[in-house]
Amino acid sequence: MPADAGTLRILAEQAARRGGEIGRAAFGTRPDLRFKADRSEVTAIDIAAERAVISLIRAERPQDAFIAEERTADSDGPRPGDAEICWAIDPVDGTRNYVRGIPVFVCSVAALRRGTPIAGAIYDPLHDALYSADADGPLLVNGQSQPDLAAADADGYRQAARVLAAIPSLPHRRFLPTVHRMIERFVVRTYGSAAMHLAWIATGRIDAALQDNPKLWDVAAGWLLVQRAGGLVTRTDGQAMFPIDLASYGGEDLPLVAGAPAPHAALLSIVESALACSD
């Protein structure tokens, strides 16, 4: 059935809350843990939260497709390239934090139409913070409209302060020169959750981020949040991230640069210069 972006946003919010609540209920325990081929952790909580998110959405929209971290293709429904709406889901973004009791993890849910996110939600269950947006409206936090990042760029404090930027937790060697230059020029942090980095950029908590190996499910919702807040998220060559060909997407990395307008430009210049010198 057709759905407008606002209706899909509400469903994304409900689904992100559902997944996040499962993570919150088990936080601080020692969930069953195994390692995937890339040596990243996955737990029984990741699986349970993802199933709950997909079940909630499918009950409302059985004709939609899914791409999720723990199951890149949904064998029980249409293929991602065939459905009008495809959902990108990361049930626990920040699993390494989660299994160590570090209180930084989120559930990220996005609806894409023809390969572009049009609704999304990121839920931080430990702080009961729900970040959401749709293609027709502003950034929301717990349902409340948030200030535009472009206006924040003109703020006197932000002009005087050094850029606060997030770096990858384990940078790929191709991006090591970039990270070294970021450390020299910016104040840097890494929080261990790509989706959280984007949600915090959208709300002005941090100014910019380099992500060297995120997947679609890590960034689809956050991309939309930053865009609707007046920020920018691009590939590391400055090109647009979306639309993406969902029919051929197989979990490839989607390196990106994100930020409020001025910090994004500054970080993109560093990335392009560092990559040019290393190529």
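The set of residues from the range 52-109 being in a loop (DSSP other than H, G, I, E, B), touching a helix residue (DSSP H, G or I) at 6+ places or on another chain (Cβ under 6 Å) and open to solvent by 10 Å² or more (accessible area, probe 1.4 Å) comprises Glu69, Glu70, Val104. Of all residues in the range 170-184, those satisfying the criterion of being more than 26 Å from Gly230 (Cα to Cα), open to solvent by 60 Å² or more (accessible area, probe 1.4 Å) and either at pLDDT below 90 or not acidic (Asp, Glu) (or both) are Leu170, His172, Arg173, Arg174, Leu176, His180.
In the range 239-259, of all residues being of a type in the set (Gly, Ala, Ser) and open to solvent by 30 Å² or more (accessible area, probe 1.4 Å), the one that is farthest from Arg174 (Cα to Cα) corresponds to Ala247.
All conditions but one from (1) over 18 Å from Ala119 (Cβ atoms); (2) modelled with pLDDT of 95 or more; (3) assigned to a strand (DSSP E or B) apply to Arg34; the one that does not is (2).
Screening the range 130-168 for residues that are β-branched (Val, Ile, Thr) and modelled with pLDDT of 95 or more and picking the one that is nearest to Ile10 (Cα to Cα) gives Val141.
The residues of the range 112-129 that are in a strand (DSSP E or B), within 17 Å of Val233 (Cα to Cα) and either at pLDDT below 95 or open to solvent by less than 10 Å² (accessible area, probe 1.4 Å) (or both), listed by number, are Leu112, Pro117, Ala119, Gly120, Ala121, Ile122. Scanning the range 197-228 for residues being in contact (Cβ under 8 Å) with a residue 60 or more places away in the chain, crowded, with 24+ Cβ neighbours inside 10 Å and not in a helix (DSSP H, G or I) gives a total of 1.
In the condition set (1) assigned to a helix (DSSP H, G or I); (2) touching a residue at least 60 places away in the same chain (Cβ under 8 Å), Ala265 is compliant with all but (2).
The values are calculated or read from the model by the stated rules, or taken from the named source; none is laboratory data. Keep in mind the model is a prediction, meaning the values are calculated, not measured. Cβ coordinates were reconstructed from backbone atoms using ideal geometry, including for glycine residues, and neighbour counts include every protein chain displayed. The protein model used for the area step is the full one, side chains on, heavy atoms only, and it has no ligands, DNA or RNA in it. Shrake-Rupley method; radii C 1.70, N 1.55, O 1.52, S 1.80 Å.
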